[in-house]
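Just below is one structure, and these are the notes that go with it.
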Number of protein chains: 2
Amino acid sequence: MVTIKDVASAAGVSTATVSRVIADKPHVSDAVREKVMAAVEQLGYRPNLVAQNLRAQQSKILGLIVSDIQNPFFRHISRAVEDTAHENGYSVILCNTDENPDKEKMYLQLMQDQNTAGIILSPTKRASREFERILKLNIPLAVIDRRVADFDIDNIVTDNLFLAEKITSHFCENGYQRIAGLFGDSSTTGIERHQGYLSALKKAGRNALKELVRFIAPRELTGYEAARDLLELAQPPDAIFTSNSLLAVGVLLAIKEKNLSIPGQIGLATFDDTSWAKLVTPSITVVDQPAYEIGQTATEMLIKRIKDPSRSARKVILKGHLIVRQSSVRP
Amino acid sequence: MVTIKDVASAAGVSTATVSRVIADKPHVSDAVREKVMAAVEQLGYRPNLVAQNLRAQQSKILGLIVSDIQNPFFRHISRAVEDTAHENGYSVILCNTDENPDKEKMYLQLMQDQNTAGIILSPTKRASREFERILKLNIPLAVIDRRVADFDIDNIVTDNLFLAEKITSHFCENGYQRIAGLFGDSSTTGIERHQGYLSALKKAGRNALKELVRFIAPRELTGYEAARDLLELAQPPDAIFTSNSLLAVGVLLAIKEKNLSIPGQIGLATFDDTSWAKLVTPSITVVDQPAYEIGQTATEMLIKRIKDPSRSARKVILKGHLIVRQSSVRP
DNA sequence: ATGAAAGCGCTAACAC
DNA sequence: GTGTTAGCGCTTTCAT
C-alpha cells in the first residue's frame, strides 16, 4: 500500500505538504505542488479513506435503511438516493430491514459504529425509541415514507391520506359499492391510507364495512391470501384497493384464479406504479408516489443537515397523482 | 463519544485489558473481565469500527457492484448477497454502475480506498483491465453473471448458452419459423445467449436470419423500439426471445400496440422470471436464472477467499430452467 | 494477568 | 511556504 509517507519521501517534502496538495489547500508553492503531484502520479497514491475518517471523525458514507428492497417503491428511492449522494461526493450503504425492528436497530447501530455521515430511514412501526437515540448521537437523519410527527426530524413523505382518498373516491364515482382495502400492517403508512379510505367513503355517504378491510404484511403472498378470503365472503367486494404493488400482484392472482372479470365484476387499484401495471390486461389504475423525488429530496436535505447540523427540521409532503387505467372503470 | 479509554479509566484498568475483554481474548481474570463488562454496559460503549479497520487494515464491508439495480435479476442477487453477508458478520455497500465502465472504475476505486474486505462484481464488457488491477491489489473478488475465462478469479454464472438454446429450441418445437432475438449489448452475457440461440437454430436445421437479431441496451425503452422496428419488417418475426425482463416489458408494449395476439400471431419468451410474468394475459414463458443462489454462492466463496486468500479460484456454472407458460405455445 | 507504548494513515495546530 | 508533531480509537507486542 502506498501511503502519504511514501509520497512525501519520494517528493522530498513532509507529509503535511503532501496532505495540503492533496486537499487542494493554499500556501503551497507551485514548484512543490508539481513535484508532489508527480510523485502521487508516479506511485499511484490514493488517500486512505479509513484513516481520513478516523481523523476527521466523519466518513463520506450515507446509510439508506429501507424496509423492503423488493418493493419497487424502494427501488426507485434507492436509485434516487444513490444518484444524489454521488453527485455530492457521498457513497451509500443500502440496508434492508424486512420490516424487522431488530434488523433496523442492528443497522442503525452499524451506521453509528461506522461513523456514517448521515442516515436516510424508512422506519418500522416501532422505531420511535430509536429516534431519540439517534438524535442524541447527533448523527444527521432524514426519515422518508413514514411520518414522524412528534420528533424534530427532517421528514419527507407522500400525502397518503390525500392519495388514498382519491383512489377510493374514484371507485365510488365509478359505481363500485363494496370497496375492500388491503393495508400494510407494519407502518404508519397503512394507517394513514386507511384513514383516507374511510374519509372518502364518508364523503360519498357510504358506510365503511369492517369485513372488507385487512391490515396485513405488505407482500405478494399475503395479498393473495387476503383477496382469496375476501372473494369467498357471502357478500364479496366489487372493488379492491391495495396499499402497495406487491399486494396488488397477489390480489391479481386471486382474481384470475376465480375467473372474475376486471373491471366488470371487480375493480382494482393500487398504490405505486410499476412497469407491468400498464401492460396487464386490463391495465391497472394506480396512484403514483413521487418515489424518485422523495429519495432525491431526502438526500439533499440530509446533506444540508450534515453541513449545518443546527439547521431547523423540515417536513416535506409530496402529493403524487392518480393514473386512471382500465381496471377501475366499468365499460 | 465513549472510547475505550473512558471504559478503561471507569473500570480502573488499561485500554489493553479492555480491548482483550471486548475481543474475548484469553489471559484476563474473571474479576477484571466483569469489572470491564460492567463499565462497558454502564457507559454504553461501542467499539469504533473505523479505528478497528485502520488498525487491522481491513473492514467488515463487502462491495456489491451491479450493472442495474432496476433489473429484477440483480434485485434478487443483492438480496442474496446481503442475507449471506450478514449471516457471516459482514455489511454490504451496494453500487449501481448503469453499465457505465467509468462508474464501475470509480466504485472499484472507492472499494479499494475504503479497505473493503472483498468485492462482488458483475463487470461491464470493457472491464478486463480492471481485473488485473484488482488482483494486483490483492483485494478478494468474485465475479458474477458474466464469465471471465482468462483470469484466475472466482466466477459464478448462469449457463447462458444452455438456457438460450433451450428457449430457442422450445420455439422451434412449437412451430415458430422466424424467431427474433434481442440481446444486451453491454456484456458478454448477451454474446453467450446469442450463441445459444444460433446453436439451437442450427440443431433444428434452420437458417439464422441476421435481420431478426439485435444487440441493444438492456432496457424497457430500447426493447420497445427494437420490437416496433422488427414488427414493421416486410417479413416480421413470428416469435421474439428477449435476453432480460426489462426488454420483455418493452416488447410486450410494442406487441400490444400492434394488437397482435400472443401466442397465435407472435410468440414471446424471455430470460428471468418476474412477479408479473405469470400474471399477464397470456402468461409469459421464461428461463429462470437461479439469481438468489448465484448471489449466495458468490458471497460464500468470497468470504472463504477473504479468510484464505491463497485458495485456488473456482468457476461455478448454475443451470437454471425453462418455465413454459402460455406465450410460447400455440393453441 | 496486566500495563506501557508504538503505530495503522492521515490532518491540523503550531513553529519557524 | 514548509516542517514537526500530536493525536483520532484501536490492537498488539513486549515488559513486568
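Observations on the structure shown:
- Test item: B:98-111 mean partner chain Cβ contacts at 10 Å: 1
- Highest-first packing order for the peptide set A:83-90, B:207-214, A:295-302, B:28-35 is A:295-302, A:83-90, B:207-214, B:28-35, based on the mean count of other beta carbon atoms within 10 Å.
- All lysines inside 18 Å of B:Lys278 as judged from Cα atoms, apart from same-chain residues fewer than 8 positions distant: A:Lys256, A:Lys258, A:Lys278, B:Lys256
- Of the cross-linked pairs A:Lys25/B:Lys136; A:Lys166/A:Lys203; A:Lys60/A:Lys307; A:Lys60/A:Lys304, those separated by over 20 Å at the C-alpha level are A:Lys25/B:Lys136.
- Aspartates and glutamates whose Cα lies under 17 Å from that of A:Lys202, excluding same-chain neighbours fewer than 8 positions away: A:Glu165, A:Glu173, A:Glu192, A:Glu211
- Of B:His194, A:His170, the residue with the largest accessible area leads and the full order is B:His194, A:His170 (1.4 Å probe).
- Shielding by other protein chains, B:47-58, mean Cβ within 10 Å: 5
- Within the assembled protein chains, the solvent-accessible surface assigned to A:Arg311 is about 40 Å², based on a 1.4 Å probe.
- Net charge over other residues, Cβ less than 12 angstrom from the Cβ of A:Arg206 (K, R count +1; D, E count -1): +2
- Looking at the protein assembly as shown, the DSSP beta bridges with both ends there are about 10 percent antiparallel.
- Excluding same-chain neighbours fewer than eight residues apart, the lysines reachable from A:Lys5 by a Cα-Cα span under 17 Å are A:Lys35.
- Shielding by partners - mean other protein chain Cβ count within 10 Å, residues of B:278-284: 4
- Summed side-chain charge close to B:Thr270 - residues other than B:Thr270 whose Cβ falls under 13 Å, Lys, Arg +1, Asp, Glu -1: 0
- Surface composition of the range A:107-179: carbon and sulfur make up 45 percent of the accessible area, probe 1.4 Å.
- Ranked by solvent-accessible area (1.4 Å probe, protein heavy atoms only, all chains present), the residues B:Asp102, A:Asp272, A:Asp185 order from largest to smallest as B:Asp102, A:Asp185, A:Asp272.
- Take every pair of alpha-carbon atoms less than 8 Å apart whose residues are at least six positions apart; their mean separation over the length of chain B yields a relative contact order of 17 percent.
- Of the residues B:Glu220, B:Glu232, A:Glu225, A:Glu104, ranked by 1.4 Å probe accessible area with the largest first, the sequence reads B:Glu232, A:Glu225, B:Glu220, A:Glu104.
- Sequence-separation-based contact order of the range B:4-47, relative, with Cα cut under 8 Å and 6+ spacing, percent: 43 percent
- Solvent-accessible area assigned to carbon and sulfur over the range B:4-47 amounts to 51 percent, based on a 1.4 Å probe.
- In Å², nearest 10: area of A:Phe74 left accessible to a 1.4 Å probe: 10 Å²
- Residue-averaged [θ]222 nm for chain A, counting only DSSP H segments that reach four residues, each worth -39500 (n - 2.57): -14000 deg cm²/dmol
- Summarising the strand pairing of chain B, around 10 percent of its internal DSSP beta bridges are antiparallel.
- Across B:Val143, B:Val50, B:Val81, mean-square fluctuation computed from a Gaussian network of chain B (C-alpha pairs under 10 Å connected) peaks at B:Val50.
The values are calculated or read from the model by the stated rules, or taken from the named source; none is laboratory data. Here the structure is a predicted model, which is why all the values come from computation and not from measurement. Using ideal geometry, Cβ is built from the backbone for each residue, glycine included, and neighbour counts are taken over all protein chains shown. With ligands, DNA and RNA removed, areas are computed over all heavy atoms of the protein, side chains included. Shrake-Rupley method; radii C 1.70, N 1.55, O 1.52, S 1.80 Å.
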